[in-house]
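Student: Structure in structure tokens, see below.
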């Protein structure tokens, strides 16, 4: 295991300087969505028609949240990322679009209880405002019109205010850390590139329009949260979004760079030139990686994808976003860089129309991929804190079935040790990484199925219980806790021992 010897581990990983945590999403963990007479989100029709597996009770986070939070705290974590489901706050039981319903303030109060519990267990809540899902009363193509984005902005700002006011009534704490979107670079692709949601408007024109609406809305939410905190004298919030790694610049780092143009002192008239330069820097680094990682067919697909996205994406397609950025009273629009590095070559390994993509348990496990993308994201980063927003490895295990080892033989122990050590190498080079969140505490629903198992702890969906190990019997939670404790201790002997020895199953 490669770890830097000349590095101040104790300082870097002190609880004041670094978040170790886990992340969950409301639709995937809470349970209670899309029953015939229950609250419905945009996935309801897919569930009810059998196109995807029903979520049912999921991991019962909505009702059993303290069990989950207590378990996370027992690992020594100091951060817990969760989301707020818009579909619960403005609920509907209808599958048909209709006017915005009234707010359910009982749901607001329940989220306050969950967030307060996270705080009471000594962890910082990191709150996601939009995680791939919106209420069924909105059109499926809500990101293509003016009304949907406007309603999201109104909702996002109001829910932040309502929850923080309730928190301050019983303590001096407020939520400070916000992800406005989870992986907004994927949302338009999910809705307007694939036929999953039966939306007629498909293709590049609509994908770019959705991106423009999403990111112009992001600017409004960013400014709105800052205005709210100033008005209420709540201090300084930390606002941003996380990106899911994709090899094409226009599907990935473009959005991080666009939000930083005014910080870079780039005038609006020079945006196109500057973004092309950033694109070139990205492509030089990622193409070298692609040549080493991909077979001939996948590399040809990679080259075709790069050409296609370059031809389709132009700054002229982001008029609303550019106007929002340059009309804002604030230069800053991003308080951190947060990235989810899973399988950045999924499209080249599948097909350019987004089909035949690798399954979760087929994603490449290679620290070179992880390290290369960390360094690529940090290119021209002027001191923004950097977070490893989601990190995970999946096994295959159907509900009620037995987990299968990964085809590549990797275990969760190997994954944690290899990838954390690569992260530490990047930190030793000066990359200001300030947090690492594992996805997720327990197995959960993964957007269409319970079969991918990503949790530190296996979840028994038949008996609705959290098991003591992951699906393959490895004590992944304990391993994560031991690595965290070693890093915080600052003892290099302890750190090198914990990272170099595989204590559990065979790690090929």
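A short reminder: the numbers here are calculations on the coordinates, not readings from a lab. All of these numbers come straight from a predicted model, not from anything done at the bench. Ideal geometry is used to build each Cβ from the backbone, glycine not excepted, and the neighbour counts take in all protein chains shown.
Student: Counting only Cα atoms, I'd like the Rg/Rh figure for region 355-508, Kirkwood definition for Rh. Could the numbers behind the result be given before it?
Tutor: Values: Rg = 16.2 Å, Rh = 16.6 Å.
Expressed as Rg/Rh, it is 0.98.
Student: Be a star and scan region 155-186 for residues whose amide nitrogen sits under 12 Å from the point 7 Å along the Cα-to-Cβ vector of residue 98.
Tutor: Under 12 Å, as judged by backbone N against the label point of residue 98, lies no residue of region 155-186.
Student: On to the next question. What's the exposure ranking of 205, 139, going from fewest to most Cβ atoms within 10 Å? If you can, show how the numbers build up before the last one.
Tutor: On the way: 205 13, 139 16.
Final ranking by Cβ density, sparse to dense: 205, 139.
Student: Would you work out the relative contact order for the chain, in percent, from Cα pairs under 8 angstrom that are 6 or more residues apart?
Tutor: Working: 884 pairs, mean separation 91.5, N = 508.
Relative contact order here is 18 percent.
Student: Assuming 0.36 nm per residue, please report the length gained on full extension of the stretch residue 5 to residue 147 beyond their Cα-Cα distance. Working shown, then result.
Tutor: On the way: separation 142, 0.36 × 142 = 51.12 nm, distance 5.49 nm.
Extra length available between residue 5 and residue 147 comes to 45.6 nm.
Student: Would you give the gap between the C-alpha center of region 315-375 and the C-alpha center of region 21-86, rounded to a whole Å?
Tutor: 24 Å
Student: 7 Å from Cα along Cα→Cβ at both residue 352 and residue 462: what's the point-to-point distance in nm?
Tutor: Output for this residue pair reads 4.7 nm.
Student: Sticking with this structure for a sec: Where does the Debye-calculated log10 I(q)/I(0) of the chain sit at q = 0.13 Å⁻¹, using only Cα point scatterers of equal weight, no solvent?
Tutor: The computed values of log10 I(q)/I(0) come out as -1.44.
Student: A further question on this structure: Rounded if a/c is under 1.5, else prolate if a/b is larger than b/c, else oblate: which is region 142-226, with a ≥ b ≥ c the root eigenvalues of its Cα gyration tensor? Intermediate values should be presented prior to the final figure.
Tutor: Numbers: a/c = 2.91, a/b = 2.64, b/c = 1.10.
Judged from the Cα gyration tensor, region 142-226 comes out prolate (a/c at least 1.5, a/b above b/c).
Student: A further question on this structure: I'm checking a number: the convex hull volume of the Cα atoms of region 220-272, normalised per residue, in Å³. What is it? Write down the numbers at each step before the final one.
Tutor: Values: hull volume 5.6 nm³, N = 53.
Convex hull of Cα atoms, per residue: 105 Å³.
Student: For a bin width of 5 Å, list the pair-distance distribution of region 430-494 built from all Cα-Cα distances, rounded to whole %.
Tutor: Per 5 Å bin, starting at zero, the Cα-Cα P(r) for region 430-494 comes out as 4, 16, 20, 20, 14, 12, 8, 5, 2, 0 percent.
Student: Using the scaling law 2.2 N^0.38 Å as the reference, what is the normalised Cα Rg of region 214-351? The partial results should precede the final answer.
Tutor: Details: Rg = 17.0 Å, N = 138, 2.2 N^0.38 = 14.3 Å.
That works out to 1.19 for region 214-351.
Student: Which percent of the Cα-Cα distances in region 289-365 go past 19 Å? Don't skip to the end; give the middle numbers.
Tutor: Values: 1638 of 2926 pairs.
Tail fraction, whole percent: 56.
Student: Just subtract the alpha-carbon distance of residue 330 and residue 285 from 0.36 nm times their residue separation and send over the number in nm, one decimal. Write down the numbers at each step before the final one.
Tutor: Numbers: separation 45, 0.36 × 45 = 16.20 nm, distance 3.17 nm.
Gain on extension, residue 330 to residue 285, equals 13.0 nm.
Student: In what sequence do 130, 177 fall when counting other Cβ within 10 Å, fewest first?
Tutor: On the way: 130 25, 177 20.
Going from sparsest to densest Cβ surroundings: 177, 130.
Student: Give me the one-decimal nm value for the distance between modelled label points at residue 362 and residue 120, 7 Å along each residue's Cα-to-Cβ direction.
Tutor: 4.6 nm
Student: Based on the Kirkwood radius over alpha-carbon pairs, what value in µm²/s does the Stokes-Einstein equation return for the translational diffusion coefficient of region 184-250 at 4 °C and 1.567 mPa s? Before the final figure, lay out each step's value.
Tutor: Details: Rh = 14.0 Å.
For these conditions, the coefficient is 93 µm²/s.
Student: Where does each of 418, 30, 268, 53 land when they are ranked from fewest to most other beta-carbon atoms within 10 angstrom? Write out the running numbers ahead of the final one.
Tutor: On the way: 418 20, 30 26, 268 13, 53 17.
With the sparsest Cβ surroundings first, the list reads 268, 53, 418, 30.
Student: With bins 5 Å wide starting at 0, give me the P(r) of region 29-121 over every alpha carbon pair, in whole percents.
Tutor: 3, 13, 21, 21, 17, 13, 8, 4, 1, 0
Student: At 7 Å along the Cα-to-beta-carbon direction for both residue 67 and residue 228, put a label point, then send me their distance in nm to one decimal.
Tutor: A separation of 3.2 nm, rounded to one decimal place.
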